[in-house]
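First comes the structure, then the notes that go with it.
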Amino acid sequence: MRRFFPLLVAVIGLFVLLFAVHQCQQRGAANYQTTAVSRGAITQAVTATGTLNPVVNVQVGSQVSGNVAKLFADFNSQVKAGQVVAQIDPALFQATVTQAEGDLASAQAALELAKVNATRTQELFAKKNSSQADLDQAMANLHQAEANVKIKQGALDKAKADLDHCSITSPVDGVVISRNVDVGQTVAASLQAPVIFTIANDLTKMQIDSNVAEADVGAVVVDQTVDFTVDAFPNRTFHGKVVQVRNAPIAVQNVVTYDTVIGVSNPDLKLKPGMTANVSIIVAHRDDALQIKNAALRYRPADAPTPAETRSTPSPKGVGSSGGRERRNERTVYVLSGSRPHAVQIRTGISDGVITEVADGLKEGDRVVTAELTATTAAASPPANPFGGGPRRFP
């Protein structure tokens, strides 16, 4: 038995050595979480929220004060341009017109008398039977009478205009989306015109007034495609186009945004004014792009120096379309080769926030490190049996 003891010790030592080597290899390979460089579609979008509004939205008000006598339109009523939609009680304005007509008739009578007196005075002055002072007075009275007729005529015209304004008409063809008064209600137009109706010209063509942050507005241009959803139809995606990026800044609590107008077609009238739209403005798209996960761009080994997150270098293409020099983004990623990762400089393209396009530096199938597993993570997995053919962990 003693002669087999050295052989048994040698076999046990060999097993221990093989087990230790396997454990070291496995720890080196399993300490890194990787992802493969692949190809696929990438869409870079600017997200924002906005409100749906009619393209032409007219507020119809009253230029005169008074009681609302009649309403000829209601919510969702179809109206034509020039159609009477409301009537203010015209009694007081009709009385004003009658009074103005009387004042004008009186002024015209006074003008006729002034003309007769002026003619008579001129005849007497020619015969030397009247003084120059009498002639001057008669001519002055004539001119005053003529002016008074003009004043009374203006008052009559104003009274008639106020009477006409008692009939409120629609300025455009469209549909009534809001009615703010009822019959019998008094409207006061002394300070500002009260809004009686809000009329949308055409609900089949609408627009979204979206607020785009100043950090994103530089990528938004006219005619870009827009996808958006509304809460009323969460499973349906609507489409539109950017028609205007307004230059006026909107500052709310030191946050600056810009109104971006998006044209929307609404043939089935599903979209209604005032709905909140969640907007995605498509600023760039690649159908077959080499791509990696953004986690690979954030990974840094513990012993590696911390480089700048993004390094911009002049592109050899020279001057870009904006008048300045084109720039490209260079990043550092770590590709797993064997049991240790090594740094690789890549040039990135567009990104959707989860994956990023690789313009140069990697090829399809490369394993890029996204995270380094800790000892706690490794201990949470059951130990592998090097001799039992058990499951092995691969990156």
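Report the one residue of ALA200, THR186, ASN211 whose Cα lies farthest in the direction of the positive end of the charge dipole of the range 185-268 (charges on C-beta: Lys and Arg +1, Asp and Glu -1; origin at the Cα centre).
With unit charges placed on the Cβ atoms, the residue in question is THR186.
Report the equivalent ellipsoid semi-axes for the range 212-312 in whole Å, largest first, defined as the square roots of five times the eigenvalues of the gyration tensor built from alpha carbon atoms.
34, 20, 14
Considering every pair of different Cα atoms, what Kirkwood radius, in Å, is found for the range 202-251?
Over the range 202-251, the inverse of the mean reciprocal pair distance is 12.7 Å.
If you take the charge dipole of the range 105-206 about its Cα centre, with +1 on Lys and Arg Cβ and -1 on Asp and Glu Cβ, which of SER167, ASN129, VAL116 is farthest toward its positive end?
So the residue we want is ASN129.
Evaluate the Kirkwood expression for the hydrodynamic radius of the range 74-155, namely the inverse of the mean inverse distance over all pairs of different C-alpha atoms, and round to one decimal in Å.
16.2 Å
Placing +1 on the Cβ of each Lys and Arg and -1 on the Cβ of each Asp and Glu in the range 171-302, which of MET275, GLN291, PRO234 has its Cα farthest towards the positive end of the resulting dipole?
GLN291
Kindly rank 76-88, 346-358 from highest to lowest mean number of other beta carbons found within 10 Å of each residue.
By packing density, highest mean first, the sequence is 346-358, 76-88.
Can you pull a Stokes-Einstein diffusion coefficient for the range 92-229 at 10 °C (1.306 mPa s), Rh from Kirkwood over Cα pairs, as a whole number of µm²/s?
73 µm²/s
Pop out the Kirkwood hydrodynamic radius of the range 27-123 from its pairwise C-alpha distances, inverse of mean 1/r, in Å to one decimal.
About 23.0 Å, per the Kirkwood formula over Cα pairs.
Once amide H atoms are built 1.01 Å from N in the peptide plane, which residues 5 or more positions from VAL279, or in another chain, come under 5 Å H to H?
Answer set, sorted by chain and number: ALA48, THR49, GLY50.
Would you please give the residues with an amide H less than 5 Å from that of VAL85, counting only those at least 5 places away or on a separate chain, with H modeled from the backbone geometry?
Close amide H contacts, sequence-distant or interchain: ILE168, THR169, SER170.
Only Lys, Arg, Asp and Glu count, each charged at its Cβ (+1, +1, -1, -1), so figure out the dipole size of the range 105-250 about its Cα centre, rounded to 20 debye.
For the range 105-250, the charge dipole is close to 740 debye.
Just so you know, all these numbers are worked out from the coordinates, no wet-lab data involved. Computed from a predicted model, the values in this text were never measured in an experiment. All Cβ positions, glycine included, derive from the backbone under ideal geometry; neighbour counts span all protein chains shown.
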